[in-house]
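Undergrad: I am attaching a structure below and will ask some questions about it afterwards.
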Amino acid sequence: MPNSRHAQPLLIALLSLLGLSAMADEASLEPLAAPLYQLEQHLSYYELDNGLKLHLLPLPNKQSVAISSQFAVGSRNEAEGESGYAHLFEHMLFKGSENAPSDSYSQTMSAYSGRFNASTFFDATNYYVNLPSQALELALWLESDRFIRPRLSDETVRNQQQTVLEEMATTIDNQPYIRPAMEFLLNQIKDSPYGHAVIGSVDDVSAATPASLSRFHHDYYRPDAMQMAIVGDLPAQTRTWVEQYFGAWQKPTTPLANFEPLKVDRRPVQGEIVDGRGPWPGLLLAWHTVGALDKDAAAITLVEDYLLQNRTSMLEQYQLKTPDTLLHYSIPLTMEHLGVMNLILVPRAKVSLDDLSQRISQMVDQLADKGITDKELTQLKRRWLLGYLSKLDNDVGLANLLSSSQQRDLKQPLSGPWERIAAVTSEDIQRVTLQYLSPGYVRLDLLPPWYIRWGKAILEWLPEGVSDSLEEKVL
């Protein structure tokens, strides 16, 4: 294991670099990225005989450790009738294992003031825990027990089904527009592994049994589908403990599931949904781009940032000149084999959904036609790099970053993503905009009851000062 004493100046340098201004040219990005390479020098990578991948990163002046475990299993692995299983099983792994029944895991972690949680996505499920370093061996034993030997009873399955169904109701079904909008978007890729919601359907979650969930665990929770990262105050025995508690876990003889990039029809699609609970009209736009493994993924990331994702984006600059929206936000989705750039806009009273759609199209057309300058590209790269570096100052964030490394980055998990961003050219920005955004987007009009639409239509025809005053009262 590398000596962690030399890593201390790296973190100090990192904190100072995060405060640098954005005035220098592209050459200044090399020293700004230096902490990535320096930190990697203290990173150890191992692969156990059963295929489990392990990153160890000792950090100085720490009394805690962060463990992040990511499995290559998500909603894309779910068979018909099993939607929501990956998310439901994530819940089950906090509810008892062979040697730590019931709530023993949560109680033990809480006794050590540990922080722990998990998340499920289309491609992967992640588990993390952050606790004092003296409890590392105990934590690794508990992690191995629940990952390898979960205990699923009728009672715990029923309890967690109810928890998931309540979550589904609160975050999706009881919110205006969410469920039908989600189904409309997923329907565009309905014949793909990404064609159903991560949280699943009420019917499938309700029908799950201990036996069906055990089969799901057997098929997809396997050592060769797991990446673990341990960051912080690492005792000398850390690797030995990992071998001791995870090394005997047998790799199945069946190969891991294989997925291919999606072939997406990027022609324009338009639809509408009417929701009686809707408080105001809205517009949802979505562009199918590329997955995280695609050669154009880095360029698409910078395009999303330039168009939508920061305070100096084209969208924000336009809003400063002509404030057309009451609210707008974008949360890009990036899966291994599919990307979605999305935008939700809530118009002001005098602005129609058609107006908003046309203005966004004009932004895309402008970028496709004129591209960006080298200076703008450097600013985009710097902004990406500063955001990436900020994750290194958080043990859990750093552990999660390492445990989600792509296969091509296993030996350079910190610098690899940056080098792909650094290699993007102005020509790449213009090319991917033309290729993936210009062909068209999915447009979904989110419409409230008729009387709200009728009232807004009247406001659109009134003089601007009058409509603004009435808008405030209506909303």
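Undergrad: In segment 271-287, is there at least one residue being touching a strand residue (DSSP E or B) at 6+ places or on another chain (Cβ under 6 Å), open to solvent by 80 Å² or more (accessible area, probe 1.4 Å) and more than 30 Å from Leu57 (Cα to Cα)?
TA: Within segment 271-287, one or more residues are touching a strand residue (DSSP E or B) at 6+ places or on another chain (Cβ under 6 Å), open to solvent by 80 Å² or more (accessible area, probe 1.4 Å) and more than 30 Å from Leu57 (Cα to Cα).
Undergrad: Could you grab me the full set of residues in segment 113-125 that are over 13 Å from the mean Cα position of the chain (by Cα), open to solvent by 30 Å² or more (accessible area, probe 1.4 Å) and either of a type in the set (Gly, Ala, Ser) or modelled with pLDDT under 95 (or both)?
TA: Within segment 113-125, Ser113 is the sole residue that qualifies.
Undergrad: Further question on the same structure: Specify which of the listed residues (Glu137, Glu143) is within 22 Å of Gly247 (Cα to Cα), open to solvent by 60 Å² or more (accessible area, probe 1.4 Å) and not in a loop (DSSP other than H, G, I, E, B).
TA: Glu137
Undergrad: Sticking with this structure for a sec: Can you name the number of the only condition in (1) assigned to a loop (DSSP other than H, G, I, E, B); (2) surrounded by fewer than 17 Cβ atoms within 10 Å (Cβ to Cβ); (3) in contact with a strand residue (DSSP E or B) (Cβ under 8 Å, 6 or more places away or on another chain) that Leu234 fails?
TA: Going through (1) assigned to a loop (DSSP other than H, G, I, E, B); (2) surrounded by fewer than 17 Cβ atoms within 10 Å (Cβ to Cβ); (3) in contact with a strand residue (DSSP E or B) (Cβ under 8 Å, 6 or more places away or on another chain) one by one, Leu234 breaks only (2).
Undergrad: Considering only residues that are open to solvent by 20 Å² or more (accessible area, probe 1.4 Å) and acidic (Asp, Glu), look in segment 65-88 and name the one that is modelled with the highest pLDDT.
TA: The qualifying residue modelled with the highest pLDDT is Glu82.
Undergrad: Test of understanding: among Ile199, Ile189, Ile178, which residue is buried (at least 19 other Cβ atoms within 10 Å of the Cβ), over 30 Å from Leu54 (Cβ atoms) and not charged (D, E, K, R)?
TA: Ile199
Undergrad: Can I ask one more? Are any residues in segment 307-331 open to solvent by 40 Å² or more (accessible area, probe 1.4 Å) and either under 29 Å from Glu260 (Cα atoms) or in contact with a strand residue (DSSP E or B) (Cβ under 7 Å, 6 or more places away or on another chain) (or both), and if so, which ones?
TA: Matches in segment 307-331: Gln309, Leu326, Leu327, His328, Tyr329, Ile331.
Undergrad: Would you confirm whether or not segment 146-156 contains a residue that is out of contact with any helix residue (DSSP H, G or I) (no Cβ under 8 Å at 6 or more places or on another chain) and free of Cβ contacts under 8 Å to residues at least 12 places away in the same chain?
TA: So far as segment 146-156 goes, yes, one or more of its residues are out of contact with any helix residue (DSSP H, G or I) (no Cβ under 8 Å at 6 or more places or on another chain) and free of Cβ contacts under 8 Å to residues at least 12 places away in the same chain.
Undergrad: Restricting to segment 202-231, name every residue that is in a helix (DSSP H, G or I) and either open to solvent by 50 Å² or more (accessible area, probe 1.4 Å) or without any contact (Cβ under 8 Å) to a residue 24 or more places away in the chain (or both).
TA: Val202, Asp203, Ser206, Ala207, Ala211, Ser214, Arg215, His218, Asp219, Tyr220, listed by residue number.
Undergrad: From the residues in segment 89-107 that are touching a strand residue (DSSP E or B) at 6+ places or on another chain (Cβ under 9 Å) and outside any loop (DSSP other than H, G, I, E, B), which one is surrounded by the fewest Cβ atoms within 10 Å (Cβ to Cβ)? Give the derivation first.
TA: Just the residues of segment 89-107 that are touching a strand residue (DSSP E or B) at 6+ places or on another chain (Cβ under 9 Å), to begin with: 89-98, 104-106.
So of that shortlist, the ones also outside any loop (DSSP other than H, G, I, E, B) come out as 89-92, 97, 104-106.
Details: Phe89: 23, Glu90: 21, His91: 18, Met92: 26, Ser97: 23, Ser104: 16, Tyr105: 23, Ser106: 14.
Filtering segment 89-107 for residues that are touching a strand residue (DSSP E or B) at 6+ places or on another chain (Cβ under 9 Å) and outside any loop (DSSP other than H, G, I, E, B), the one surrounded by the fewest Cβ atoms within 10 Å (Cβ to Cβ) comes out as Ser106.
The values are calculated or read from the model by the stated rules, or taken from the named source; none is laboratory data. No experiment lies behind these values; they were computed from the predicted model shown. Note that we place each Cβ from the backbone using ideal geometry, even for glycine, and neighbour counts take in every protein chain shown. Please note that ligands, DNA and RNA were not included when accessible areas were found on the heavy atoms of the full protein model with its side chains. Shrake-Rupley method; radii C 1.70, N 1.55, O 1.52, S 1.80 Å.
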